[in-house]
Every structure is written in structure tokens, then in C-alpha cells.
1. Tell me whether region 41-157 comes out rounded, prolate or oblate; compute the Cα gyration tensor, take square roots of the eigenvalues as a ≥ b ≥ c, and use a/c under 1.5 as the rounded threshold.
2. Given a Förster radius of 30 Å and the C-beta distance between residue 9 and residue 119 as r, what FRET efficiency does 1/(1 + (r/R0)^6) yield to the nearest 0.05?
3. Taking the simple approach of a point 7 Å from Cα along Cα-to-Cβ for both residue 74 and residue 30, what is their distance in nm?
4. On a full-extension model of 0.36 nm per residue, what is the gain between residue 56 and residue 17, subtracting their alpha-carbon distance, rounded to one decimal in nm?
């Protein structure tokens, strides 16, 4: 996914000392500021907590159209799929040490004191690792292909972005090798 200035500007923190609330560290850079990546992670994590604390008896089964063309519709449980995607994406994107911190702090909900005791870390090192995990997973959640976890509403309602259609060629019509010469 390509990062746009409008996406980064909306997600940036106004008091960020690196980007000044603009979303990019440098004006000509393509990579967003770390505050944007942490905001993406915290948004996805907030929805993960919402989905995981709901009662399982009120889970909805939804019927969705399939664009792949194999079947017309698919039955799915979006809340459970979101929880599984969050956990599996974290497992795949992090190394063993980072995943251990991620599992204790984010998945199991342990506070920093318990994590520091369990992992043998001091407070400063623990929070530096937490910020690095949030930044890495924020980028992964946004750039995940073909279905990213962020924006969350697109995950649950399908893609709302417009797809540009390629022009269809008729059977037997020659394929142009280069664009036509300007008049």
C-alpha cells in the first residue's frame, strides 16, 4: 500500500516531536512517522479487545459475496476471523523475543510490572520494546496484502476503495505495443 499524506496527517499525533503532527518525518519521504504507525496499531488493538471481550453467543455469521469467482457467497464469522488474523499476524511479523512480550502484554493483558518480572527486563527496556512492537505491527497491519487489518471498517465491510478497471480487448483485436503518437 502506498502511503498518502492525507492518511498520515489524520493519524499523526499533534505533539509529536519528530514530525510535528504532519505524519512524515521528512517532507519528501514515503515512510510515515512512528506516531502514525503506533496509532494504527492502537486502533487495531482496540478493536481486537472489543471483539475478544464480546460474548461468543452474540457472534454474528455473515454472508458475503466472493469476488474470486469460485463461489458466489461465503459464510464467515468476522469477529473471530479478526481475532485470529491479529494473533497470527503478530506471530509472523515478530521474532521470538518480541512475540513473547506481545503475547504477555497485549494478548494476555499483563501490566508492565508483571511483564518485567516474568521477562527479566527493566521498565525502560520493556517500554522501548513495546513501542518498537507497536511500530512494526502498525506498518504490517496497514501494508498487509491482500486484506489489511487497517482500516478496520474496510476489514468488516469489504473494500470501499475504487478499483481502476483495465480496458477489455476484443478477441482478435491487435494489442498495441506502444501508445499512439500525439497529433
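Nothing in this text is a laboratory measurement; each read-out follows from the coordinates by a stated rule. Since the structure is predicted, the reported quantities are computational estimates derived from the model, not experimental observations. So basically every Cβ, Gly included, is an ideal-geometry build from the backbone, and we count neighbours across all protein chains shown.
1. Details: a/c = 2.95, a/b = 1.96, b/c = 1.51.
Cα axes put region 41-157 in the prolate bin.
2. On the way: r = 36 Å, r/R0 = 1.20.
Computed FRET efficiency for residue 9 and residue 119: 0.25.
3. Computed distance between label sites residue 74 and residue 30 equals 2.9 nm.
4. Details: separation 39, 0.36 × 39 = 14.04 nm, distance 4.24 nm.
Net length gain for the segment: 9.8 nm.
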